[in-house]
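Taking it in order: structure first as structure tokens, then the write-up.
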Amino acid sequence: IFETGGQGVLGDVAIRDASGEELLTDISATFIVEPDVAMVFLTFKDVTEKREVEHQLAHVAQNDAVTGLFNKRMLNLRMETVLARARRENTPVSLIFIDLDNFKKCNDTHGHQTGDELLRAVALEVDRQLRVGTTAFHRQDRADAEHLVAHALSALELRGRGSLGLFRRADRAGV
């Protein structure tokens, strides 16, 4: 490209400014070739704030505002990905559904803010128990799933106040 002239862009290059702060930059390079000289002009554009806003927008678009977990759209996309992988690799996969008993009564009696805090606490505890990120998918059998949910509810002093639903894709071809 240098011999003929042209241009190119390197995106999201981390550099440090004079104060030592890290910035994300897009670097544009324009190559100019003349008979007696070849030149490169570099232009640096700070895109740090733009990337932060994009990250925030992606989070809002993909996550539930109350729990911080994936929203329905992302859950469906993740389920499709996990199930396709399980089919390809012929491995089991489980999806756990948790129903908190009397949740509506909690919301009505103590207010939506308290209900939201309870949902966040349960989501965080289940996530902590899974230790696999914010998607509650885990390869396990029903007993493991029941133990995980019971442990999470117990840790929040909610033992016996929730029920478990479990979808399991067996480890047989074609299922």
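The values are calculated or read from the model by the stated rules, or taken from the named source; none is laboratory data. Keep in mind it's a predicted model, so treat the numbers as computed, not measured. The accessibility values were calculated without ligands, DNA or RNA, using every heavy atom of the protein model including side chains. Shrake-Rupley method; radii C 1.70, N 1.55, O 1.52, S 1.80 Å.
Listing for the model above:
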| item | result |
| --- | --- |
| Pairs of Cα atoms farther than 19 Å apart, the range 10-61, % | 47 |
| V9 accessible area, 1.4 Å probe, all protein chains in place, Å² to nearest 10 | 100 |
| Sequence-distant aspartates and glutamates (8 or more away, or on other chains) whose Cα lies within less than 16 Å of K105 | D116, E117 |
| Linear extension gain, A14 paired with H59, 0.36 nm per residue minus alpha-carbon span | 14.0 nm |
